[in-house]
Structures are given as C-alpha cells and as structure tokens.
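Written below as structure tokens is the structure these notes are about.
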Amino acid sequence: MTGEPSAAAVVDGPLLARVRERLAGSAGVPAPAAVAAAVRAEAHGVIGDADMLRALRELETELVGGGPLAPLLAAPDVSDVLVNAPGEVWVDRGGGLQRTGVRFADEAAVRRLAQRLALAAGRRLDDAQPWVDAHLDAVDGGAHTVRVHAVLSPVARHGTALSLRVLRPAAQSLDALAAGGSIAPEALHLLRRIVGARLSFLVAGGTGCGKTTMTSALLGEVDPAQRIVCVEDAPELAPCHPHVVNLVARPANAEGAGAITLRDLVRQALRMRPDRIVVGEVRGAEVLDMLAALNTGHEGGACTVHANSPREVPARIEALAATAGDGAHAGSHGLHRQLYAAVQVVLHVRRAADGRRELAEIAVLRYDTGGCEVVPAWSAVGLGEGIDRLQELLGGKATS
C-alpha cells in the first residue's frame, strides 16, 4: 500500500507515545497480543505485518524485562549495571566500572524503565516518592535476583539515576576461591579449622568485595549433619550443604504494610532448631538479635558487615545497635562485652588493585577495660599478634 507509513515513522513518532499511554493502565506486563492491538488501534489499522513485527520488537524494550539493559543483566560476569544518563550506561564485570555502548532514546525512557521496575517490585516511584530501593525476583526470565535502586530528577540532577545489582547465588567452594587466588594456602588451612572448631565469625569488607561469596564458601565446609538457618534481605547465600533453610525479608508494599524485617526473621530462626544461625548482612537494629542469638548456645554462627577494615568492626556494630533506639542496648561497654562473647573471628575481604577479590586478613577479638578491639592473626604479609589467641581458640574447641 503506497500510503502505508514507514516502520521508522511508526516506531519513532508520536505513535509510540500514544501506545505507551494506552497500555499504561494495564496490570502487569502487557501480552504481545495486547501490544499489537494497541499499535493497530493507534495506527488506525494502517500498518503491515513486517512493520508490526519491527514495532513489537522495539516496544518490547520499553515494556518488558530490563529493556535496553537486558543483555547486560543476562551476562554471567556482570554484577552491576549503572545508568547515569540516557547515554551513560556502565557495568562492573569484576574488574571495575566500564562504560558500555548501550543508550536510551532520552531521559523519559530511563524514567519509564525505572518506574516499571519499581512497579514490578510492588513499590512506588514518582515525583512524590522520587527514590526506591527494592528487589526483583527475576528480570528477563533469569533465576537471579536484582536489587533495583532509582532516583528521579530533579533530585538526581542530570536525570534519572538507575542502579541495578545482580544478586546471583553465591555457591563457590573454598577450594574454588583458593584456586582463583582469593585465598592464600596458609589461610585456607586456618579457615577450615575455624569452621571445624565452630568459631563464630564476621566477614567484613566494602561493597562488592565478596563478603557473601566468602561466607557461603565457609558454610559449605560445615558438618553435613548440622542445620544452617540463613536470614537475608535477598536470597544470595547458597552454600553447598545438604541442610540449609533460607529465610528472606520482605519490604513493605506500596501502602506501607506487610514488611517482614531481618529482626523478625532472626527471632524466628531461633525457634527452628538451628545448629548455626547466619545473617546475610547486618545493616541495622537486627545486630542486637544476632548477638543475642550467638550468645545463647548457637556456636559457629556468621554474618557479614560493611567495614573498611577489621579495626572498624566494633565501632560499626555499636553504630548499628544505636539504630534500635530507646536504649535498646546496655551502653557501649555492655555491647562490646556481648560482641566479645558472641564472635571470635573477623575475616576481612577486599578488592585488590587488579579487581580481584581476596581474603586480606584473619583477626580475633580482644576485650579490656577500653572495650572490644580487633587484633590481626594472619594477613598477606605474615602472622600478627593475635595468632596465639586464634590457636588457643582452635585448640580449645572440638573439631566436630
């Protein structure tokens, strides 16, 4: 038909905006048939089959999955996808941030994707609530979870800022980490003894340095006869162990109801006959419940915590406990004594200059009148003053 509009006119013109507006009221992801019907309705039926197919393919990036970011999210080596502007999309493949060639049509396209992902997670993202932090169980049919964080303009000065972290299950073994250079041979031997002796440990480090991966690998060394209960914000821990129960927190819905917190889940874990309780990461008041759990006979527990160095861990724990408010902990000294009684070992992981994630230090806790402090026992440069205390702990406990 000579008067038929070109595919470019159909896909890139005002028609696309009208189709989006028509589908905006749909619940969930619109089916291909519904999208096709909307295109025909807005084009008044004047569109050929080939043009329709091309239009559907382009609209799919607007309406389904991760849109233009889908190939990046599906790549097995990508951990983070960051959108700073329509033409600025960055990824982290394990060696630091790299700029990609992916581009959005305009700022409105980035905003639409951010709002659609927020809606899929049951969260609100608009001018009245211009930021969101949520988890999606899957994007583009993948089995992994994606953490979605978005900030709309004008709060984000240069346009919608979208940050996506791909949370793949951490299932590597200690041997695999050692083979990849993340664990030194002498440290590998100590780690196995720490797990066998049922010492409770914290894995500390910065964002994206491998805390969860290290924790999961250590849990894989636990006696198969022991029951591990893991409490997490998002399902990341996947140790190679036959008896693991995973409890996952749930944020409030768009109406602010239905939240299940880590504190709730730690308390539930205590009633599930655990041999070891593991908190994927402590970020707030749940640290008090974690310390209480590890002080009630549940040896060999673990958790991760954000800290730039092992020495900062006591102060970090104290700051997190303070978020409970209302005098929930018995002062600094009381909290430090509880930390010392609950945790024996601190493992520090970091990202090296070449981007490789590595175990940098094994440390122990020491308590005196000034409070609790972390003392190095092993590091890449040699043994520290805490090695005697670590050997004492390892020798004084059963290795079952």
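Annotations
- Couplings for segment 283-299, taken from phi via the Karplus curve 6.51 cos²θ - 1.76 cosθ + 1.60 with θ = phi - 60°, read 10, x, 5, 4, 4, 5, 5, 4, 5, 4, 5, 6, 9, 10, x, 8, 6 Hz in order; Gly and Pro are left as x.
- The alpha carbon centroids of segment 79-152 and segment 240-282 are separated by 26 Å.
- Neighbourhood net charge (14 Å Cβ-Cβ; Lys/Arg +1, Asp/Glu -1) for LEU294: 0
- Footprinting exposure proxy ranking of TRP378, TRP131, fewest other C-beta atoms within 10 angstrom first, gives TRP131, TRP378.
- Paramagnetic reach from ASN295 in segment 350-379 [backbone N under 14 Å; point 7 Å along Cα→Cβ]: 372
- In segment 138-248, the DSSP beta bridges split such that about 55 percent are antiparallel, to the nearest 5.
- Note on segment 91-155: dipole from Cβ charges, positive end direction compared against LEU113, VAL146, LEU97; the farthest Cα belongs to LEU97.
- Share of Cα-Cα pairs in segment 174-395 lying beyond 23 Å, as whole percent: 44 percent
- Here the dipole of segment 174-395 is about 220 debye; that uses its Cα centre as origin and unit charges on the Cβ of Lys and Arg (positive) and Asp and Glu (negative).
Each value in this text was obtained by applying a stated rule to the coordinates, not by laboratory testing. Since this is a predicted model, take the numbers as computed values, not measurements. Please note: Cβ atoms are built from the backbone with ideal geometry, for glycine as well, and neighbour counts cover all protein chains shown.
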